[in-house]
1. For the stretch B:12-28, take each phi angle, set θ = phi - 60°, evaluate the Karplus expression 6.51 cos²θ - 1.76 cosθ + 1.60, and give the result in whole Hz per residue in order, putting x for glycine and proline.
2. Give a quick list of chymotrypsin sites (Phe, Trp or Tyr not before Pro) in the stretch A:1-49 that DSSP marks as loop, anything other than H, G, I, E or B, with at most 13 other Cβ atoms within 10 Å.
3. Could you work out the relative contact order of chain B, using alpha carbon pairs under 8 angstrom and six or more residues apart, expressed as a whole percent?
4. Name the long-range amide H neighbours of A:N31: under 5 Å, sequence gap of 5 or more, or other chain; modelled H, no Pro or chain starts.
5. Counting only residues 5 or more places away or on other chains, whose amide H sits under 5 Å from the amide H of B:F47 once H atoms are built in the peptide plane?
6. Tell me which of B:S65, A:G16, A:V90 sits at the most positive position along the dipole axis of the protein assembly as shown, charges placed on C-beta atoms (Lys, Arg +1; Asp, Glu -1).
7. Normalising by the residue count of the stretch A:4-109, find the relative contact order in percent from Cα pairs under 8 Å and 6+ residues apart.
8. Summing Lys, Arg as +1 and Asp, Glu as -1, what charge do residues with Cβ under 12 Å from the Cβ of B:L81 carry, B:L81 excluded?
Amino acid sequence: GIQVEQSPPDLILQEGANSTLRCNFSDSVNNLQWFHQNPWGQLINLFYIPSGTKQNGRLSATTVATERYSLLYISSSQTTDSGVYFCAVVYAGNNRKLIWGLGTSLAVNP
Amino acid sequence: KAGVTQTPRYLIKTRGQQVTLSCSPISGHRSVSWYQQTPGQGLQFLFEYFSETQRNKGNFPGRFSGRQFSNSRSEMNVSTLELGDSALYLCASSLDLGGQAFFGQGTRLTVV
């Protein structure tokens, strides 16, 4: 089946720094979503981005479907950005199930 | 509009008991998925329902079951609880299968 790999697995930043998280996938996908899970377990959908670039405040995402990767950019990081960032894809097959990466754990220090 | 609502938020059960968790999706959403997350782990897919039918299923034993009602609300049941079932159970809803997923706050289940 399709594989979803996220890098780096862990990241530590100082407040105000920028970062780039990567999601690689091994086959064609219908869509790709980025999520943030805060330290209390709440999962927030950040982007629904099958292709192209989207921006939401300090966050932006780019998916290059033909090259099978997506990038999540975090600028001017804040302590509230801490948590785990997950990438999930829907395989361009029949079952339309979300396939998840293992996540990038981000800690932003004040 | 209201988000995805999961009840209860916290639950403590004893080994061998059974438990039922509830998920009310966003109004108009017809797909509901369930996930299990243990500390430090990613999301393990349990099952997905659409229009009252189970459309996808993960690799969990038969003790884990679910259903979806005509109003799209979903329940999952775990029978004969084991200590290893202690986890955060998350529910997500989307308009359609594989659509943009929105999560509830989860139910933290502790089995003692």
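The values are calculated or read from the model by the stated rules, or taken from the named source; none is laboratory data. What you see is a predicted model; the values in this text were computed from it and never measured. All Cβ positions, even for glycine, are placed from backbone atoms using ideal geometry, and neighbour counts span all protein chains on display. Each accessible area value is taken on the protein alone, full model and side chains, heavy atoms only, with ligands, DNA and RNA left out. Shrake-Rupley method; radii C 1.70, N 1.55, O 1.52, S 1.80 Å.
1. Couplings: 10, 10, 9, 3, x, 6, 10, 9, 10, 10, 10, 9, 9, x, 4, 4, x Hz.
2. Loop-located and lightly packed - A:W40.
3. Working: 291 pairs, mean separation 41.4, N = 112.
Relative CO of chain B lands at 37 percent.
4. A:V90
5. Placed amide hydrogens put B:W34, B:G58 under 5 Å from B:F47.
6. Working it through, the farthest residue towards the positive pole turns out to be B:S65.
7. Numbers: 272 pairs, mean separation 39.7, N = 106.
Reported as a whole number, the value is 37 percent.
8. Values: positive: B:K13, B:R15, B:R63; negative: B:E82, B:D85.
For residues surrounding B:L81, the net value is +1.
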